1. Report the residue count in the stretch A:225-260 for those that are more than 10 Å from chain B (Cβ to nearest Cβ) and more than 18 Å from residue A:297 (Cα to Cα).
2. Being farther than 27 Å from residue A:371 by Cα and touching a helix residue (DSSP H, G or I) at 6+ places or on another chain (Cβ under 9 Å) is the filter here, so list the residues in the stretch A:233-260 that pass it.
3. Go through the stretch B:63-78 and count every residue that is assigned to a helix (DSSP H, G or I) and under 12 Å from the mean Cα position of the chain (by Cα).
4. Among the residues of the stretch A:356-376, count how many are over 18 Å from residue B:42 (Cβ atoms) and surrounded by 18 or more Cβ atoms within 10 Å (Cβ to Cβ).
5. Being part of a strand (DSSP E or B) and either free of Cβ contacts under 8 Å to residues at least 40 places away in the same chain or under 18 Å from residue A:16 (Cα atoms) (or both) is the filter here; which residues of the stretch A:314-340 pass it?
6. Hey, can you tell me all the residues within the stretch B:68-86 that are in contact (Cβ under 8 Å) with a residue 12 or more places away in the chain and surrounded by 15 or more Cβ atoms within 10 Å (Cβ to Cβ)?
7. Answer yes if at least one residue in the stretch A:274-283 is more than 14 Å from chain B (Cβ to nearest Cβ), in contact with a strand residue (DSSP E or B) (Cβ under 7 Å, 6 or more places away or on another chain) and at pLDDT 95 or above, and no otherwise.
8. Here are some conditions: (1) crowded, with 18+ Cβ neighbours inside 10 Å; (2) touching a strand residue (DSSP E or B) at 6+ places or on another chain (Cβ under 7 Å); (3) within 14 Å of another protein chain (Cβ to nearest Cβ). Residue A:352 meets all but one. Which one does it not meet?
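The values are calculated or read from the model by the stated rules, or taken from the named source; none is laboratory data. As the structure is a prediction and not an experimental result, all values here were calculated from the model. In this analysis, Cβ positions are derived from the backbone assuming ideal geometry, glycine residues included, and neighbour counts consider all displayed protein chains.
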């Protein structure tokens, strides 16, 4: 029997509320399959299973709030025979209206009685969890419904097979009395608390050091302009993608900046799973990862970046994306300031920051010219590396950014 | 397409990217990206949205001209009439 636990969802998400199961007892689960949707302070997240098996029993129920590591369901390993007590009937269930939270199994699941939960957790006031489970609705639409306090069970879906779409939810919200502000404010406050907890932890535990380097980008931008002029709009590359790729390539030679520090020991990572800090429109940020960024051609990296930004803002992300990052990049973009010195996301050991790309005076070979320049910075963990190595990394990053053709591969 | 139709499409596309935008509060004469917080990805998605809605190609070299809403509307109107003339 395999215990399926709520996986880590990133440094600042240590608990979640189960929104719905995507599997039921008897279903076969494949590796990478989304088995449930869990809401956190930042977003509703599609949780994947990394084990294969057959669902034996579901321990958590929609509406349950639980810490990371809680056993949510049990799986029979391939080939394992079912024990007699397995089956839907064997699941302990808290009757609606039960007042006191109770624990089930090893996990410490907090059963929130329907009605007691805030509207955004289980739909407006006392939606039956089972009805919510059957409803066809995307994570994005579900999250929006929760934010707006829309009861999805009252909605008529206009999507395929009666699925409730984002549009349905927003239309319904527009028709109901203005009560949507409170849940949105709750979300903002929760997110702020989650960020505060993770960043306080980081500043308490991690002895940060900082280095920075101005990097000329004339060649890179000229190459991008030329490349983009030959492409349809949809395939256009942004400088942001090139900066990410250069970080991923440069990190290959600096394993002390790419990995995790846990329980007093550093573990370098083989691949570069590049966490990308994405600002959310309602405030706050989230940093899902582009997996194996070092191995992806620039065009592919750009597509994945666009997809990640879109899904981060729609609140539709996968658990693997939120826990995998081995390093994070924060890019203030062309509306940002000159440079940024970020806070490391534990258990990572480095964060690379980029300011706004802008024209600046540049001295070279005894002459002065005006070039587009970006200030790159590195915040890194002194337990694992030193400023000297950090500085060499930034020089290597600068070199990579002078070789756009090489980066494109 | 008349100017108010075009304006409607542009605002709706913008709201698709930045739902908090209130049409009545947008100033035509101020830089759009100062008024609405659009990063480079948002900007690209906005232009892709206009491309899809209007069928107009917007080369990168024209970005520098598209600072204000007024400039953008002019530019698009021009592109549309160019197309219908040809």
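1. Of the residues in that region, 8 qualify.
2. The initial filter retains those residues of the stretch A:233-260 that are farther than 27 Å from residue A:371 by Cα, namely A:234, A:252-260.
Within the stretch A:233-260, A:234, A:252, A:253, A:254, A:256, A:257, A:258 meet the criteria.
3. Within the stretch B:63-78, residues that are assigned to a helix (DSSP H, G or I) and under 12 Å from the mean Cα position of the chain (by Cα) number 11.
4. 5
5. Kept after step one, since they are part of a strand (DSSP E or B), are these residues of the stretch A:314-340: A:317-318, A:327-331.
Once the filter is applied, which keeps residues that are part of a strand (DSSP E or B) and either free of Cβ contacts under 8 Å to residues at least 40 places away in the same chain or under 18 Å from residue A:16 (Cα atoms) (or both), the stretch A:314-340 yields A:317, A:318.
6. Across the stretch B:68-86, the qualifying residues are B:68, B:69, B:72, B:73, B:75, B:76, B:77, B:79, B:80.
7. The answer is yes, given that some residue of the stretch A:274-283 is more than 14 Å from chain B (Cβ to nearest Cβ), in contact with a strand residue (DSSP E or B) (Cβ under 7 Å, 6 or more places away or on another chain) and at pLDDT 95 or above.
8. Going through the list (1) crowded, with 18+ Cβ neighbours inside 10 Å; (2) touching a strand residue (DSSP E or B) at 6+ places or on another chain (Cβ under 7 Å); (3) within 14 Å of another protein chain (Cβ to nearest Cβ), residue A:352 breaks only (3).
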